[in-house]
Each structure stands twice: as structure tokens, then as C-alpha cells.
Amino acid sequence: QRIRDEAHRFAISYHRQVREKASTRSLLDEIPGIGPKRRRALLQRFGSIEGIRQATIEELASVEGMTRKAAETLREYL
């Protein structure tokens, strides 16, 4: 019984962590071509999603790791 309880506790804590990670996703995670490195660079440069929304395509493309095509895709989604 104790072994079963421990196995259940372990499984439940794992699934809670998975759900928590899924719920803390960013809007940027949904955009094709924007991975963790680009997301980090964009947020460092503009500070927030709202800052990214207000940026021009040229400003977005000037961020390290961003291309003009990725900047255009980002603007379409935001």
C-alpha cells in the first residue's frame, strides 16, 4: 500500500509540473519560426509582447537572429 501511494504521489507531481509548464507558455511560442532563442532576444530588446507589437518590421528584423521573413511572420500573428 505504501509503495502504491508513493508511485501515485510521484506520478501526480510529475503531471502537475507538466500542466504548469503548459499553462505558462507565451504567445510567441505559437508563432512558427520563433523559437526559444529568438523569443528571448525579442523580449530582451522590446521588454514585452506589447513592445514587440509596437515595433516596426525593420526594428524586429534588426534583432539578433531575426530575419526579415521572420519579422513579417511575427507582425502577421501579432
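Only the coordinates and a few stated rules stand behind these numbers; no lab work does. Note that this is a predicted model, so its numbers are computed, not measured. All Cβ positions, glycine included, derive from the backbone under ideal geometry; neighbour counts span all protein chains shown.
Computed values, structure above
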item: Cβ-Cβ under 6 Å pairs, at least 6 apart or on other chains, segment 37-57 side among the small types (Gly, Ala, Ser), far side crowded, with 16+ Cβ neighbours inside 10 Å and not in a helix (DSSP H, G or I); result: 41/63
item: Segment 1-36: number of residues that are outside any helix (DSSP H, G or I), without any contact (Cβ under 8 Å) to a residue 12 or more places away in the chain, under 24 Å from residue 76 (Cα atoms) and not charged (D, E, K, R); result: 2
item: When residues of segment 1-41 are limited to those that are under 11 Å from the mean Cα position of the chain (by Cα) and hydrophobic (A, V, I, L, M, F, W, C), the one surrounded by the fewest Cβ atoms within 10 Å (Cβ to Cβ); result: 22
